[in-house]
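A quick write-up on the structure given underneath.
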Amino acid sequence: MQPSDYDSTTPQRLAATGSREPGWARLPEEPPHHGGLDVPVPTTRVRPIAPPMSAAPSQPSPRAGGGWWQLLLAAVLGGGLALAGFLLLDSDTTTPPAAEAAAPAVAGAEPAPAVQTPAEVPAPRVEIESTDAVAIGTKVIPSIVTVEVGAGTGTNLDLSGSGSGVILDTAGHIVTNDHVVAAGASYQVVLSDGRTTYEAELIGTDPLTDLAVLKIDAPNLTPVELGATESLNVGDTAVAVGSPLGLDGGPSLTVGVVSAFGRQVQVSANDTLYGMLQTDAPITQGSSGGALVDGLGRLIGITTAVGVSDVGVEGIGFATPVELMRRVTDELITAGEINHAFLGILGATSFSTTADGARVAAGVEVASVEEATGAMTGGLVSGDLITAIDGEPVTTMDDLVLALRYRTAGDGITITVSDGDLTRDLDITLGERP
């Protein structure tokens, strides 16, 4: 990562020491520092899992450190990769009990009614009322697809794995994760009925946000309804719909809640996802690129990662917010590529101390400004404290990075900065991220 990168506030390294179970990554124990400025330690790490379908999962290099848990990319090439065991249950074969002996006849008595065996007694009909999850599934499942990746074309496609995708429009655009399509050179999409498969064209990808767009030529598609995260609260219903393990039979649905907002999820030593939604709705391998929807079946995120500790899956999943998804997919569909914004500073979160001794994040302190960038042209200088962008508060470096992820090269923004007791607004035109 170049020093001029606006989000290079801390070196992202994973210590590789000792021998551990394959696939674990831990946080370094000591917080990193950059340029003498305090930098918050990232609280999560994510590693992709992308072994080929035809072979057992490769053994990742063991990594260790001071943290106690890690994140793994929700996978990706789940279909056909996992060695899953299924317990087959025999059909119920209950033997009917022998009919009771007929009672002796009593003179003058009415004849006893015939005794029905259990096989003759009709089972009571159980009426099941529709639940929210049922309604959500009915609405959303037709918009969910399985994305199969590999080499070759058509019936000669040599599959290497699968993920999930969400239909965006009737033109056939489908959003999925970049780490799903990155595993192959050819793609096909299986619709939710499980019987209809179409070859797919890759429109564009964005590794920075782990999003990609495919396109199929198919009739009668059902686009997902888009929602919003701004109106959500922690505890609101969140339902994940995807294609776990590439299993036949269509998408599956799991129910949970919105657990948190604005999570920072580190996917590699140099790449971090910002502003992620956290949910406890179970997300399994093969569900990468699937949908996270609200209680009305509206898309609020694209499922991307899950949390795993030494004892297994921790019930923590992460999804890219729908607002960021729309910004990226709209540009990919229009231009075929994404031009991320670049401010041109090196900085880090600045902290202040309140009257009662508490330490709070107060903005982003500019450590240096790159030549020939929007930051320099707009008047930012070393020592400035950035506190807002377009009127929205900025208290941490994460806030600044996320705000820039929602903007594109060439956008104009107003940055509020503080220099001691003075506050000023700077109009800045963003450049293109190198």
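Going residue by residue through the stretch 142-153, is there one that turns out to be modelled with pLDDT of 90 or more, open to solvent by 10 Å² or more (accessible area, probe 1.4 Å), in contact with a Lys or Arg (Cβ under 7 Å, 6 or more places away or on another chain) and part of a strand (DSSP E or B)? Within the stretch 142-153, not a single residue is modelled with pLDDT of 90 or more, open to solvent by 10 Å² or more (accessible area, probe 1.4 Å), in contact with a Lys or Arg (Cβ under 7 Å, 6 or more places away or on another chain) and part of a strand (DSSP E or B). Can you name the residue in the stretch 369-399 that is under 25 Å from residue 266 (Cα atoms) and free of Cβ contacts under 8 Å to residues at least 24 places away in the same chain and, of all such residues, is least open to solvent (accessible area, probe 1.4 Å)? So the residue we want is 393. Considering only residues that are open to solvent by 10 Å² or more (accessible area, probe 1.4 Å) and under 13 Å from residue 238 (Cα atoms), which ones fall in the stretch 316-336? If the condition is that a residue be open to solvent by 10 Å² or more (accessible area, probe 1.4 Å) and under 13 Å from residue 238 (Cα atoms), then 316 is the only one that fits.
Flag: residue 275 matches the condition of being open to solvent by less than 40 Å² (accessible area, probe 1.4 Å), touching a Pro at 6+ places or on another chain (Cβ under 8 Å) and closer than 21 Å to residue 175 by Cβ. Within this structure, residue 364 fails the test of being among the β-branched types (Val, Ile, Thr), closer than 26 Å to residue 260 by Cα and touching a residue at least 60 places away in the same chain (Cβ under 8 Å).
With respect to the conditions (1) in a strand (DSSP E or B); (2) over 22 Å from residue 272 (Cβ atoms), residue 410 falls short on a single one, namely (1). Residues in the stretch 235-253 that are within 19 Å of residue 191 (Cα to Cα), touching a helix residue (DSSP H, G or I) at 6+ places or on another chain (Cβ under 9 Å) and not hydrophobic (A, V, I, L, M, F, W, C): 250, 251, 252. For residue 408, the requirement of being at pLDDT below 95, open to solvent by 50 Å² or more (accessible area, probe 1.4 Å) and among the β-branched types (Val, Ile, Thr) is not met. Summed over the stretch 198-231, the residues that are in contact (Cβ under 8 Å) with a residue 24 or more places away in the chain, farther than 26 Å from residue 275 by Cα and either in contact with an Asp or Glu (Cβ under 6 Å, 6 or more places away or on another chain) or outside any strand (DSSP E or B) (or both) give a count of 6.
The values are calculated or read from the model by the stated rules, or taken from the named source; none is laboratory data. Keep in mind that what you see is a predicted model, and the values were worked out from it rather than measured. Positions of Cβ are generated from backbone atoms using ideal geometry, with glycine treated the same way; all protein chains shown enter the neighbour counts. These accessible areas exclude ligands, DNA and RNA; they are computed on the full protein's heavy atoms, side chains included. Shrake-Rupley method; radii C 1.70, N 1.55, O 1.52, S 1.80 Å.
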